[in-house]
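Visitor: Questions regarding the structure given below will be posed in turn.
The values are calculated or read from the model by the stated rules, or taken from the named source; none is laboratory data. In this text the structure is predicted, and so the values were computed from the model without any measurement. Quick reminder, even Gly has a Cβ in these numbers, built from the backbone with ideal geometry, and neighbours come from all protein chains shown. When the accessible area is computed, the model is the full protein with side chains, heavy atoms only, and any ligands, DNA or RNA have been set aside. Shrake-Rupley method; radii C 1.70, N 1.55, O 1.52, S 1.80 Å.
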Amino acid sequence: MKEREFSFNNFAIGKANQLAFLSVKRTLKNLGGEINPLFIYAKKGLGKTHLMHSVKEILRDENVLYVDCATFTSIPEEDSTVFILENIHLIPDEVKRSIDLYRFVNSLISAKKQVYITSLFPPEELGISEQLIVLVKEGLTVPIFRPEPELVARIFKMLSSDYKIPLRDDVILFLSGLPFNDVREIETVLKKLDLLKDITNEITIEQVRDNIALEEIVPAEKETIPPTDSEFFNFLKGLKEDFEEGKSSSKAMNAIKDEYMQKLYIWKMKGFNVRMLEKSMDGSIDGIIQAFVSFTSNVQQLFELQKIFGTIENITTPEEKEYFEKNLFDPEAIFDLTRKLKKIEKRKKIKEEYNRFLDRRKTRSNFVILPSNRRAFGILRNVLEEKQKVDFPVYIYGGAGYGKTHLLIAFTKKMQELFGEKIISYIPSKVLVNEINEISGDDEREMLIEKFKGTSAIFLDDIEDIANDRKSNSVFISILNIFGKEKKPIVISSRMPPGDLSLEAQFEEFFLSGTVIPITKLKDEDRKVIITNLFIQKKISLSDKIKEFLSENLTGNFINIKRNVAQIIKKVVEENLEFTIDSISGCIEIKTPLSVEEKSGEPEEQNQSKDVFPKSKGEKILLSELDQKWLFLNERIFEEYNIP
């Protein structure tokens, strides 16, 4: 396994380290400003060093002095704009207690130079001088706790991807339930999994249990995570005690005000917005205490909001991230923060709700591009790349089994991958009809329509289910109007063209105003080329008469043809027969070739019913199987479009 490179991009964020991460990010926006020094304490392997190296990496153009106290010899004399003191607990006791260390750190802070300090222990337990403790507390002290299961899962996903160890979701879920103390224990498990992957095709939960001595890596007894920062918790407790004492306190009014002014200053230095506290200082003592109790309660709510933000940060837009990083230290912004977080959580819930319809087997990588569907694929590719204007809605129609659902699901997944912060939904029309029919009043109707207002793009499969249900028409028209007015992408599939649906005039007019694309049935000539080349793959040459015979009788889609060709080759070779029309007919039970008159006299639906085999359900044809130059064409039939 390769050595990890530390950066903010590969720092997994969770409840345990959210405050430390946000505090570091805030200092980078104002070096030497409100939060100085920033003191981070945590046990080994919880990310202190990762954060400090990330600071070094992002400030590589600055004059950063990095000192690891594991090799500390003396107080540095070099000048710098940023000073990182890692593992202060390892400094010799005589240096820790000396006035020289305090003077050095104080000189940097006075010169507005940013100071970062890390330790295994909080300041009070370090044995440093009282002056240095006071100096540290004028900045911000934040802990990092043992990772919770959600964070453990994120770390496993990130590291397994970095180390190219394929882990299934159920394996990650199992591992995240173990009480890991730190990232080092997680890395130890991954090192053993790295060895395991070389002797097995797929890592399962049973293999992890049987081959990795988890009990030796993850001890049974674990520490209890403190509910929050003890400094803030104790401060809140002290405020409540002061409030209970109220006017009976023996302290003089001015002394009490001075005490709360110092507390106000501490909160300000920690980077919080203290406007409401500053306003209260001109009022009565009761008013000041009330303001501080309310303020501290709001800070506790901010901590909870920060934890929520950590669970949904990956689906936020850049603008939303900037807003939260700016306001998660502002107690006056709690209402707006809560509202915005609920909006994002709602967006996450909707995405999860509609993602349940996505068939995991259907992807762009196993979608076979043929002359019959190439135009539909190209139009949806333009939707993704936004290089050419596409008129919406895109209406794709074709017979059952022609690949419409596969195409819609593949592009839904690709859009979700490219635009993670947006809601991109694939919905079978039958599901939407059921949802509309369950509406019991105008309020629920408006709620459903409002949900679609927040959707950025929609892929709606089998529109005829809606066309045949009159009750759902009015709601669906409202949804179409939303997408039409805002010019949002909407892609619709159907088994028939718009003119053949039982639609109201406004439906048909809306569909025809966009891009209508057929996915056509394979023609005889297409089938002949496919059959010829499938046999060439096996180094078998056929006469023109046999090619004509097969192209007329092997109907259906590409998978049907490929399966029949494989069956023919297998049987002829096994029985040592010659490739003749009679031997081939016996292989796939074709009694006689259909005449031209018989074919032209049959409706298309009957032709489809005479396929030798039923249409395939979900069989995959990987592009790697088809990645070849076709000898009789100037291009490959099965192209892979590289969409960025």
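Visitor: Please list, short to long, the whole-number percent of alpha-carbon pairs of the stretch 402-536 in consecutive 5 angstrom bins beginning at zero.
Guide: 2, 9, 17, 20, 19, 13, 8, 5, 4, 3, 1, 0, 0
Visitor: With just the Cα atoms of the stretch 57-124, tell me how far they stretch along each of the three principal axes, in Å, largest first.
Guide: Between the extreme Cα coordinates on each principal axis of the stretch 57-124 lie 34, 23, 22 Å.
Visitor: Could you look at the stretch 402-477 and say what percent of its accessible area is carbon and sulfur, using a 1.4 Å probe and all protein chains?
Guide: The value for the stretch 402-477 is 47 percent carbon and sulfur by accessible area.
Visitor: Per the Kirkwood formula on distinct C-alpha pairs, the Rh of the stretch 489-529 is how many angstrom?
Guide: Across the stretch 489-529, the inverse of the average 1/r is 12.2 Å.
Visitor: Continuing with this model, one more query. About its Cα centre, what dipole magnitude does the stretch 44-185 give when the only charges are +1 on Lys and Arg Cβ and -1 on Asp and Glu Cβ, stated in debye to the nearest 20?
Guide: 280
Visitor: Still on this structure, please answer the following. Output the Cα-based Rg and Dmax of the stretch 1-75 in Å, rounding Rg to one decimal and Dmax to a whole number.
Guide: In order Rg, Dmax, the Cα atoms of the stretch 1-75 give 13.1, 40 Å.
Visitor: Also, quick follow-up: Treating only the Cβ of Lys, Arg, Asp and Glu as charged (+1, +1, -1, -1), what charge dipole size does the stretch 443-586 show about its Cα centre? Round to the nearest 20 debye.
Guide: 600
Visitor: Debye sum, Cα scatterers, the stretch 139-183, no solvent: what log₁₀ I/I(0) at q = 0.23, 0.31 1/Å?
Guide: Log10 I(q)/I(0), no solvent term: -0.77, -1.14.
Visitor: Let me see the pair-distance distribution of the stretch 50-181: every alpha carbon pair, 10 Å bin width, integer percents in order.
Guide: 10, 33, 26, 18, 11, 1
Visitor: In 10 Å bins starting at zero, report the fraction of Cα pairs in the stretch 47-91 per bin as a rounded %.
Guide: That works out to 26, 54, 19, in percent per bin.
Visitor: Starting from the Cα gyration tensor of the stretch 104-187, multiply each eigenvalue by 5, take the square root, and state the resulting semi-axes largest first in whole Å.
Guide: Taking √(5λ) for each eigenvalue gives 39, 15, 9 Å, largest first.
Visitor: Considering only Gln131, Ile205, Tyr66, whose Cα is most displaced toward the positive end of the charge dipole of the stretch 62-205, charges sitting on Cβ of Lys, Arg (+1) and Asp, Glu (-1)?
Guide: Value: Ile205.
Visitor: Another one. Could you order peptides 111-123, 325-337 by the average number of other Cβ atoms within 10 Å of their residues, highest first?
Guide: 111-123, 325-337
Visitor: So for the stretch 390-549, averaging the separation of alpha carbon pairs under 8 Å that are six or more residues apart and normalising by length, what relative contact order in percent results?
Guide: For the stretch 390-549, the relative contact order is 37 percent.
Visitor: In the full protein assembly as shown, how much of Arg275 is accessible to a 1.4 Å probe, in Å² to the nearest 10?
Guide: That residue has around 120 Å² of solvent-accessible surface.
Visitor: Taking the square root of 5 times each eigenvalue of the Cα gyration tensor, what semi-axes in Å does the equivalent ellipsoid of the stretch 144-217 have, largest first?
Guide: Rounded to whole Å, the semi-axes are 19, 13, 11.
Visitor: Toward the positive end of the charge dipole of the stretch 497-584, about the Cα centre and with charges on Cβ (Lys, Arg +1; Asp, Glu -1), which of Ile568, Gly556, Ile519 goes farthest?
Guide: The one lying farthest along the dipole's positive direction is Ile568.
Visitor: In the stretch 491-573, what is the volume of the convex hull around the alpha carbon atoms, normalised per residue and reported in Å³?
Guide: Convex hull volume per residue, Cα atoms: 119 Å³.
Visitor: Let me ask something additional. Enter the accessible area per residue of the stretch 449-493 (Å², integer; probe 1.4 Å; all protein chains in place).
Guide: 36
Visitor: About the Cα centre of the stretch 126-182, how large is the charge dipole given +1 on each Lys and Arg Cβ and -1 on each Asp and Glu Cβ? Please answer in debye to the nearest 20.
Guide: 160
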